[in-house]
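Structure first, then comments.
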Amino acid sequence: MNKRIITLIIALVAVCGWVMAQQKQGKPFPPRFADYGANNVTEIGRSKIRILYAFQAQDLKDEETWIDCGQLLTDKGMTQYASYYVSENNAYIRQWLKDNPSKGYYPGSAKMKGRLKDYWSEYQYSQIYVHGRELTEWAVMPSAEFTQYRYTEPWPSMQWTLKDEKQTICGYQCQKATCHWRGRDYVAWFTSAIPLKSGPWKFGGLPGLIMKIYDTKHLYTWEAISVENGSFPIYQLDERRFKDSERKKVLKMQRDWNMKYRELAGVMRVGSNTPVTTRYPFDQLELE
């Protein structure tokens, strides 16, 4: 087999691998920041450390190939995982409104970054809080759903198996761990050099900070790209915008919005009163 054919095969395998990774399916539009209380936030803490994670990065050196950049903050035994991109965009809009009180409008997603930045994903817009052994998701829904939801569940629920393999991520020596959680098998790399039993999204429970985690099908991947020291505000959205619910009910709504966005949003077929019933492929992270 000549070198040209081998190179082509390698390229095709790489492309297929990224096609398999879960993207923003169904193309739901993101909510206006006032609809989920981002215009009326409350500072609930200050973190001395900020860990940034690339989510679904095709190239860690190029932010425009990431679906999102998430940030993990902690203060007084509480952690918050939220989108750094969304947080920065909302802060920009709040400042813009303060500087332009008579405009009567705001610039939308003027400061959003990343791939498919004009669309919603629950893994980008929702926020995860952990207090002790309790996790709360503030589930921010797409623009066509005007109600936001919040639910609480026990944390951590992952049963990890530690492995001997090591690798360096973001300058930190990390150890491998595996687990089966809610229908998927995961591989995590954690560092005991940062004594936080946390990680991106809902992941945690290891004897150190999770620096990288992915499911074995490589549909979902988070990888730390920086660890910063400083003073970083932790903001809570306006709780009046959120309705208490249950995890499985919220998961079903998120799945439906990803798979049936145009139908649920009331988009009609051209020249008729029949809603569009197109189904989009979507493989949700939590299967149970």
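Quick notes on this structure:
- Simple point charges give the picture: +1 on the Cβ of Lys and Arg, -1 on the Cβ of Asp and Glu, and for the stretch 12-163 a dipole about the Cα centre of about 280 debye.
- Cα-Cα pairs of the stretch 129-226 separated by more than 22 Å (percent): 34
- Length added when fully stretched, T178-M78, from 0.36 nm per residue minus Cα-Cα: 33.5 nm
- Probe 1.4 Å, accessible area per residue of the chain, Å²: 51
- A probe of 1.4 angstrom, applied to the heavy atoms of all protein chains, finds Y36 with accessible area near 10 square angstrom.
- Checked against a 23 Å cut-off, the cross-linked pairs K163/K252; K27/K212; K163/K197; K163/K212; K48/K243 give Cα-Cα distances beyond that limit for K163/K252; K27/K212; K48/K243.
- The chain: projected area of the alpha-carbon convex hull, averaged over directions, in nm²: 19.1
- Other residues with beta-carbon under 11 Å from the beta-carbon of M141 carry, at +1 per Lys or Arg and -1 per Asp or Glu, a net charge of -2.
- Percent of Cα pairs exceeding the 20 Å cut-off, where the set is the stretch 108-179: 58
- Rg(Cα) / (2.2 N^0.38 Å) computed for the stretch 153-288, rounded to two decimals: 1.36
- Cβ crowding within 10 Å averaged over residues, with 98-110, 23-35 ranked highest first: 23-35, 98-110
- Around the Cα centre of the stretch 79-200, unit charges on the Cβ atoms of Lys, Arg, Asp and Glu (plus for the first two, minus for the last two) sum to a dipole of about 260 debye.
- For the stretch 53-98, the pair-distance distribution built from all alpha carbon pairs, in bins 10 Å wide starting at 0, is 25, 37, 31, 6 percent.
The values are calculated or read from the model by the stated rules, or taken from the named source; none is laboratory data. Since we're looking at a predicted model, the values are computed, not measured. Backbone-built Cβ (ideal geometry, glycine too); neighbour counts: all protein chains shown. In case anyone asks, the SASA skips ligands and DNA or RNA and just uses the protein heavy atoms, side chains included. Shrake-Rupley method; radii C 1.70, N 1.55, O 1.52, S 1.80 Å.
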